[in-house]
Amino acid sequence: MTACEASANKQLRHIIPLLLLTGARVSELLHAQWEHVDIVRRVWLIPMSKTGKARHVPLSQPAIDVLKAVPRFDHCPYVLPNPETKLPYVTVKHSWQTARKEAVLPDLRIHDLRHSAASFMINAGIDLFAVGRVLGHADHKSTMRYSHLANDTLLVAVEAGAKKMRGSPSLC
């Protein structure tokens, strides 16, 4: 995040946190329009997703805070436009590569942030169905890639229970 803050691309400081907080695809975020963001209801409408359907992305308070910090440009409908053209970025590949190099994360792809968002939700105990809905997966099999994370979370739960049990009087 420090490298994104220091980026020559001043929108990167908003783009990367929003990708992590929403699990959106990069293209969805780069084409987001203010008319589809409802700060009060805390929801972002993606009118056409990769699956060909609209979807609503719930916005956490940290996501709302990032959106409130995004600069707005007169007569520009886009949430995160290129400040010079007022049009969506075609790509943020160069600024992302520069930031990840600065952060010494050479293998981190920007799409990995979508996976990180899913991992954060799964490890917070959110079920796969809900995570799939947030990510806009058309098929639950896409979300099943994260099931190992759910198992890791469950393993932590049973280990915590076992630790408590060892400290209790014998059950036998």
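Data for the structure
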{"read-out": "Residue 69 paired with residue 2, simple spin-label distance in nm, labels 7 Å along Cα-to-beta-carbon", "value": "1.6"}
{"read-out": "Positive minus negative residues near residue 78 (Lys, Arg vs Asp, Glu; Cβ under 15 Å)", "value": "-1"}
{"read-out": "Helical contribution to [θ] at 222 nm, DSSP H n ≥ 4, -39,500 (n - 2.57), averaged over the chain, rounded to 500", "value": "-13500 deg cm²/dmol"}
{"read-out": "Spatially proximal aspartates and glutamates relative to residue 68 (Cα-Cα < 15 Å; intrachain offsets below 8 disregarded)", "value": "35, 38"}
{"read-out": "For the chain, built as a Gaussian network whose Cα springs stay under 10 Å, the top-fluctuating residue of 148, 14, 111", "value": "148"}
{"read-out": "Euclidean distance of C-alpha centroids, segment 54-87 and segment 105-172, integer Å", "value": "29"}
{"read-out": "Relative contact order (%) - criterion: Cα under 8 Å, at least six apart; region: segment 2-166", "value": "25"}
{"read-out": "DSSP-loop trypsin sites (Lys or Arg not before Pro) across segment 16-75, with at most 13 other Cβ within 10 angstrom", "value": "41, 50, 53, 72"}
{"read-out": "Of 53/93; 50/141; 10/93; 53/141; 10/86, those spanning more than 23 Å from alpha-carbon to alpha-carbon", "value": "53/93"}
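Bear in mind these aren't lab numbers, they're just calculated from the coordinates by the rules spelled out. Not measured: the values here are computed from a predicted model. Positions of Cβ are generated from backbone atoms using ideal geometry, with glycine treated the same way; all protein chains shown enter the neighbour counts.
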